[in-house]
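The structure appears below as structure tokens.
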Amino acid sequence: PIEARRLPPGHEMPPECGGYLFASRYCEVDRMVHVAWDLFGNTPDSWERVQAVVDWVHDNVTFGYQFARPTKTAFDVYSERQGVCRDFQHLAITFLRALNVPARYVTGYLGDIGVPASDTPMDFSAWAEVYVGDAWRTIDARHNQPRIGRILMARGRDAVDVALTTSFGATTLKDFKVWTDEVPAAA
């Protein structure tokens, strides 16, 4: 089971994990390393440490679209304790990298399959992946529960690498629509 998987030491990680251990634009690992070790340094060197980080971010950050801003970093999220899905992931990724756990940012579409119906439309979303045991595994500090129907668009160090849009000059988003259909499981 995943809970029993230990976190691999650096020399046992595949080379592609290296880039996901360092600071990036929104994930200020160097600024947050002492906070991460103070909060999670006593957790077992296993999936339990990863889950402790996800639980902490989920329980201590308030979600709201009104809290979004393009310059918000993990340190800002930690200080303000509020943000949107990308902010939750940036903080969790930063803590994990500071704890020597490779973590990468994922962007995609998160539909409404298998969750209670909502009046608000589903949206593009961010989640993260961590390298534990011998594979990359999905985590989501905003929702902190298993979800099905994630549609992966891109992976990167943080939102800079995999922005939903990148604009040069003045732009106005007038409309966008996404359609998804649940595909029946193969027989």
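Miscellaneous remarks
- For the range 1-63, fraction of C-alpha pairs farther apart than 15 Å, in %: 65 percent
- Efficiency of FRET from Cβ geometry, Glu80 and Ala185, R₀ 30 Å, rounded to 0.05: 0.10
- Over the range 14-126 - Rg/Rh using Cα atoms and the Kirkwood inverse-distance radius: 0.98
- Trypsin sites (Lys or Arg not before Pro) within the range 29-118, DSSP loop, no more than 16 other Cβ atoms inside 10 Å: Arg81
- The mean of 1/r over all distinct Cα pairs in the range 135-187, once inverted, gives the Kirkwood hydrodynamic radius of 15.1 Å.
- Placing dummy labels 7 Å off each Cα toward the beta-carbon, the span from Asn42 to Arg69 is 3.5 nm.
- Ile2/Met153 FRET efficiency (R0 30 Å; Cβ-Cβ; nearest 0.05): 0.75
- Each Lys and Arg Cβ is given +1 and each Asp and Glu Cβ -1; about its Cα centre, the chain then shows a dipole of about 340 debye.
- Take every Cα pair under 8 Å whose residues are at least 6 apart in sequence, average their separation, divide by the length of the chain, and the relative contact order is 24 percent.
- When the range 62-187 is reduced to its Cα atoms, the Kirkwood hydrodynamic radius in Å: 15.9 Å
- Computed from point charges on the beta carbon alone (+1 for Lys and Arg, -1 for Asp and Glu), the dipole magnitude for the range 106-187 about its Cα centre is near 140 Debye.
- For the chain, calculated [θ]222 nm from helices alone, where every DSSP H run of n ≥ 4 adds -39500 (n - 2.57): -8000 deg cm²/dmol
- Mean separation of Cα contacts under 8 Å, 6 or more apart, over the residue count of the range 115-170: relative contact order %: 19 percent
- Spatial separation of Cα centroids for the range 121-141 and the range 40-118, in angstrom: 10 Å
- Of all segments of the chain bounded by chymotrypsin sites (Phe, Trp or Tyr not before Pro) found in a DSSP loop with no more than 13 other C-beta atoms within 10 Å, the longest spans 23-167.
Computed from the coordinates by the stated procedures, all read-outs in this text should not be read as laboratory data. As the structure is a prediction and not an experimental result, all values here were calculated from the model. With ideal geometry, Cβ positions are generated from the backbone for all residues, glycine too; neighbour counts draw on all protein chains shown.
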